[in-house]
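The block underneath contains the structure these notes are about, expressed in structure tokens.
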Amino acid sequence: MKTILILGAGKEQVNAIDRAKEKGIRTVVFDMNPEADGASHADEFYPVSTRDVEAITSFVQEYKKKIDGVMTIASDIPHCVSAAAEILRVPHIPRAVAEVCVNKLEMKEVLQKGGVNVPAFVEVSSLEDLTAFIDRVGYPVVLKPIDNSGARGISRLTERSDLKEALAYAQKHAFSGRCIAEKYIDGLQISTEGLMYKDTFYCTGFADRNYVRVTDESTHLVEDGGDIPTVLPDDKKRLVEEHFEKAVRALGIDWGPAKCDLILGTDGKVYIIEIAARLSGGNFCYDKVPWSTGVDIVDILIDMAVGNDVDPQRFVPTKHMATSQRYFFPPPGTVTDILGVDEALKLPHIKKIDIWVKKGDIVPPAINHPSRIGYVIALTDTLDEAVSAAEKAVNTIRFVIS
Ligand SMILES: Nc1ncnc2c1ncn2[C@@H]1O[C@H](COP(=O)(O)OP(=O)(O)OP(=O)(O)O)[C@@H](O)[C@H]1O
Ligand SMILES: [Mg+2]
């Protein structure tokens, strides 16, 4: 029996734990929170922080039994996965590549050197740096921490913004204190995902992200779900996939997963926003993509991680269904009731509803992705039907807030 080390036992990683077990692979799982959803699913659970490289590496060094592979889902810790895998001598991307992928500034520099189109960017350490950049490229500009995720600390800046406040906000959310400013690119926001296997890159996930909540007035870039399939015609889709693969190769991701946020600009150019060297979160890799295409990249990555051979046929879609995901955005406050969930579940095409606040919990202001409180996913034959089904379900559920 093979053994896999899974970093993280949260909501997003449960799927990896369960899938590995179903495949007859023993699971050793770390999470700093012993109460995490997946802790009780694991064959062996240890309360180790998935960001503590030293604790992870000393654990695997001292562990008496064999570990055949390491992986995570959604958590932006490819450097921790690589550090453990390096010691275990199991498949992984070079640690230096993983380190670049968790640094938005270095990543953009490597991409640019590799001839990949990225938005104009600069490191910002002071208000002077920020205003000089804005003078050069013009508004709007996005300011972000170089090393966080979930849109934490990110602001979209316009003439109306308080630049000092935005810089303090970004710096506060940067583990390193460092920030990057980028030209804001107008266009279609897209999520793509794929796997590098034996030097062939397979793009397995392609979704249009829904940013209707972001208007000219918005400071925060909060995504409200997304849709599969894309509205793009085949030639544009191919163009995006070519840029994605070029970016993956430029970064040196020579094995395993890559998740890319990119924009097809109104100028017709593809702009790479970032590539994460891990599987996606937000239901993309373990729900929406397998439901709509039949391609199950969690299953494939588990096999790759423990060194099993993968039949390339597994990357080929076996179906063409549509999914649409939409989140709930009630006003901030205390939840006193949640109404209409049973009714929404009975609506046509509703595949999944998840809400992680309950009566008495606080709904925070919707300023980043972790502040979202739940979603619905619709699955059906056509994109339009999926979108209206998801929107109808969202509107059927009412959060009573005081
Ligand atoms: N330069 C830009 N132009 C337009 N939109 C942008 C730009 N930079 C970021 N965004 C939007 O904001 C989102 C969050 O930015 P980014 O991916 O850099 O931050 P993050 O904290 O890693 O967020 P996440 O974990 O959700 O990917 C992007 O996915 C993209 O939709
Ligand atoms: Mg991102």
query: With the other protein chains left in place, how much accessible area per residue, in square angstrom, belongs to the chain at a 1.4 angstrom probe?
result: 43 Å²
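What is the dipole size for the chain, taken about its Cα centre, with +1 at each Lys and Arg Cβ and -1 at each Asp and Glu Cβ, in debye to the nearest 20?
Charge dipole, the chain, about its Cα centre: 380 debye, nearest 20.
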message: Rounded to the nearest 5, what % of DSSP beta bridges with both residues in the chain are antiparallel?
response: 85 percent
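So for the stretch 323-401, what are the equivalent ellipsoid semi-axes in whole Å, largest first, each being the square root of 5 times an eigenvalue of the Cα gyration tensor? It would help to have the intermediate numbers written out before the result.
On the way: eigenvalues 107, 36, 15 Å².
Its equivalent ellipsoid spans semi-axes of 23, 13, 9 Å.
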message: From the convex hull of the Cα coordinates of the stretch 237-303, what is the mean projected area in square nanometres?
response: 5.1 nm²
query: Counting only residues 5 or more places away or on other chains, whose amide H sits under 5 Å from the amide H of Ile401 once H atoms are built in the peptide plane?
result: Thr336
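Ignoring ligands, DNA and RNA, please state the percent of accessible area on the stretch 323-401 from carbon and sulfur, probe 1.4 Å.
On the way: 2040 of 3810 Å².
The computed percentage sits at 53.
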- prompt: Given a 1.4 Å probe and every protein chain left where it sits, what share in percent of the accessible area of the stretch 1-154 is carbon and sulfur?
  reply: 48 percent
task: Please pull out the direction-averaged projected area of the stretch 3-99, using the convex hull of its alpha-carbon atoms, in nm² to one decimal place.
output: 5.4 nm²
message: Let me spell out the model: positive unit charges on the Cβ of Lys and Arg, negative unit charges on the Cβ of Asp and Glu, origin at the Cα centre of the stretch 81-128. What dipole size does that give, in debye rounded to 20?
response: 240 debye
message: In Å and on Cα atoms, what radius of gyration and Dmax does the chain show?
response: 20.9, 60
query: Assuming R0 = 45 Å, what is the FRET efficiency of Glu159 and Lys65, from their Cβ-Cβ distance, to the nearest 0.05?
result: 0.15
- prompt: If you add up the charges near Ala166, with Lys and Arg at +1 and Asp and Glu at -1, over every other residue whose beta carbon is less than 14 angstrom from its beta carbon, what do you get?
  reply: +1
message: Given Cβ point charges of +1 (Lys, Arg) and -1 (Asp, Glu) and nothing else, what value in debye, to the nearest 20, does the dipole of the stretch 1-90 about its Cα centre take?
response: 440 debye
- prompt: Projected onto the charge dipole of the chain (+1 at Lys/Arg Cβ, -1 at Asp/Glu Cβ, origin at the Cα centre), which of Ala98, Pro34, Leu232 gives the Cα projection farthest towards the positive end?
  reply: Pro34
Efficiency of FRET between Thr215 and Ala55 - r from beta-carbon atoms, R0 41 angstrom, step 0.05: 0.40
message: Which one, Ser292, Ser82, Ser371, has the greatest fluctuation when you compute a Gaussian network model over the chain with C-alpha springs under 10 angstrom?
response: Ser371
query: Can you pick out the pairs among Lys11/Lys172; Lys236/Lys288; Lys172/Lys236; Lys269/Lys352; Lys198/Lys319 whose Cα atoms lie more than 30 Å from each other?
result: Lys172/Lys236; Lys269/Lys352
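The values are calculated or read from the model by the stated rules, or taken from the named source; none is laboratory data. Keep in mind that this is a model prediction, so the values were computed, not measured. With ideal geometry, Cβ positions are generated from the backbone for all residues, glycine too; neighbour counts draw on all protein chains shown. Ligands, DNA and RNA are stripped out before the accessible areas are found, and what is left, the full protein with its side chains, is counted by its heavy atoms. Shrake-Rupley method; radii C 1.70, N 1.55, O 1.52, S 1.80 Å.
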